Amino acid sequence: MTDNLTPRQIVAELDRYIVGQDAAKKAVAVAIRNRWRRQQLPLELRKDVTPKNIIMIGPTGVGKTEIARRLAQLVGAPFIKVEATKYTEVGYVGRDVESMIRDLTEAAVGLVKQTQREQVAEKARERVTDKLLDLLVPNKGYMPPEEQEDADRRQRTRDKFRSMLDAGELEDKMVELTVEQKHVPVQVFSNLGMENMDVDLQSMFDKFLPKQTQPRQVTVAEARKILLEQETEALIDRAAVHEGAIDLVENQGIIFVDEIDKVCGPAAAHGPDVSRQGVQRDLLPVVEGTTVNTKYGPVRTDHILFIAAGAFHVSKPADLMPELQGRFPIRVELTDLTRDDFLRILTEPKHAITKQYAELLATEGVSIEFTRDGIEALADIAYEVNRTAQNIGARRLHTVLERVVEEISYEGPDLKNKRVRIDGKYVREKLTAILQKEDLSKYIL
């Protein structure tokens, strides 16, 4: 949870994985902290404090999506990433814009349910132990006083088996367990924005159709997993989960809308423009604040934080509908990556790409060492190809580095010399074709 994270700490956490783009990191960090600040306000004032949505503008491969991805791992709030290009105007084939709120609610249900699972875990484990004992030493229930001796002996046996279970001595013993068979999922195809109809029908059929059970021979270890899942589900308060999820979405939800520049542009001259202007018109009330019906109940979108991002190569933010522009008051421009940025990307992040390749090949006993001049050569070539060909940002490093280690990856299991040193000379030898003829760069993407 981000309750105790200051904006500076959020930026420091993002710095571990993403190089540069300080303005975008600061804007995101402030927006996240403002969610916490709003929760501290009196209820009357809290209603009027709306989130300041952000739009990130910058070329591909500079870190827009990566900031969102790392933010999702950092925040303890429901978070989803969607592509604006997946949506069409309501009534046409494709997803309608309101489905993003339903997806966010599903994510919140998962978070709340996980919290409740942790709360009931201890009680569920106790129930599982009792059920396992019933399988191993069936309990006959009430016994008359004259059979009290048999009852005491049975209790001693159960106590002995309980201690053996706790010690893990019966994990491989076979028991017969009755397992519930799930019904075949119901498929419903609809173009009216009712993606959850099939789920609702499925739950309805599950309630009315008789439960099908089947006995299975499983080990105690397998039975424990099955029973733990059943008991945990039985102990979870579904009504509380749904209420908590809706509250979490309405007050803490975050939606990252990628590729928003792809729905920009002038209105179509002929016919309905269902995937551009139409999407913007449908997106406007959701961002502004409306009520979306989900299978868990109505969800207000007034206080959901929206972060939009786009390259805006062809279009510009001014091409968005004026009303939609006004709903994204904070604009952050992400800068092109320089040669020095490439150098830092290759070395500084916690899981830098060079470290990833080294660890991948180490699984087969191959030790690769990237020298300083080798890393500089990689940065130089990636920057030069981006400058002279299509600029795809940091993704160019993947294509260049993949070409450099391609032969090592292929020969890895059969290499006699398991130590490989990748220096500047080695890098330039592998990338000679790219250096000699810039047009060939298209073949490495």
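Would you mind checking which residues have amide H under 5 Å from V179's amide H? H placed 1.01 Å from N; only 5 or more apart, or other chain.
Counting only residues 5 or more places away or on other chains, the set is Q214, R216.
Along segment 50-56, what does the Karplus equation 6.51 cos²θ - 1.76 cosθ + 1.60 (θ = phi - 60°) give for ³J(HN,Hα), rounded to whole Hz, x for Gly and Pro?
Listing the rounded values in order: 9, x, 9, 5, 10, 10, 9 Hz.
Please give the peptides 390-400, 121-131 ranked by average Cβ packing (other Cβ atoms within 10 Å per residue), highest first, as a rough proxy for protection.
390-400, 121-131
Apply the Karplus parameterisation 6.51 cos²θ - 1.76 cosθ + 1.60, with θ equal to phi minus 60°, to every residue of segment 120-135 and state each ³J(HN,Hα) to the nearest whole Hz, in sequence, with x for glycine and proline.
Once rounded to whole Hz, the list reads 9, 4, 5, 5, 5, 5, 5, 4, 5, 4, 4, 5, 5, 5, 4, 6.
To the nearest 0.05, what FRET efficiency results for L135 and E243 with a Förster distance of 30 Å applied to their C-beta separation?
Result of the calculation: an efficiency of 0.25.
For H351 and K52, FRET efficiency with R0 = 30 Å and r from the beta-carbon atoms, rounded to 0.05?
For R0 = 30 Å, the calculated efficiency reads 0.45.
Quick one: of K86/K225; K316/K430; K350/K425; K26/K355; K25/K262, which pairs are farther than 31 Å apart, Cα to Cα?
Checking Cα-Cα distances, K86/K225; K316/K430 exceed 31 Å.
Residue by residue through segment 328-335, which ³J(HN,Hα) values in whole Hz follow from phi under the Karplus form 6.51 cos²θ - 1.76 cosθ + 1.60 (θ = phi - 60°), with glycine and proline marked x?
Along segment 328-335, the couplings run 10, x, 9, 10, 10, 9, 9, 8 Hz.
Tell me which residues come under 5 Å, amide H to amide H, from T294 once H is placed; ignore anything under 5 positions away on its chain.
V299
Arranged from highest to lowest average of other beta-carbon atoms within 10 Å per residue, in what order do the peptides 247-259, 284-296 appear?
Descending mean neighbour count gives 247-259, 284-296.
Quote the FRET efficiency, to the nearest 0.05, computed for E323 versus T157 with a Förster distance R0 of 60 Å and r equal to the Cβ-Cβ distance.
0.20
Toward the positive end of the charge dipole of segment 339-434, about the Cα centre and with charges on Cβ (Lys, Arg +1; Asp, Glu -1), which of S409, T354, S367 goes farthest?
Among S409, T354, S367, the one farthest towards the positive end of the dipole of segment 339-434 is T354.
What ranking do 413-421, 168-176 get when scored by the average of other Cβ atoms within 10 Å per residue, highest first?
Order by mean packing, descending: 168-176, 413-421.
Between N417 and K86, what length comes free when the chain is fully extended (0.36 nm per residue of separation minus the Cα-Cα distance, one decimal in nm)?
Taking 0.36 nm per residue and subtracting the Cα distance, the gain is 114.2 nm.
State the extension gain, in nm to one decimal, for the chain segment bounded by L41 and T290, taking 0.36 nm per residue of separation less the distance between their alpha-carbons.
Using 0.36 nm per residue and subtracting the Cα-Cα distance, I get 87.4 nm.
Just subtract the alpha-carbon distance of R216 and E122 from 0.36 nm times their residue separation and send over the number in nm, one decimal.
Additional length available on full extension: 31.3 nm.
Name the long-range amide H neighbours of A308: under 5 Å, sequence gap of 5 or more, or other chain; modelled H, no Pro or chain starts.
Distant-sequence amide H within range of A308: I54, I55, M56, V257.
Every number in this text was worked out from the coordinates using simple rules, so none of it is lab data. In this text, all values refer to a predicted model and were calculated from it rather than measured experimentally. All Cβ positions, even for glycine, are placed from backbone atoms using ideal geometry, and neighbour counts span all protein chains on display.
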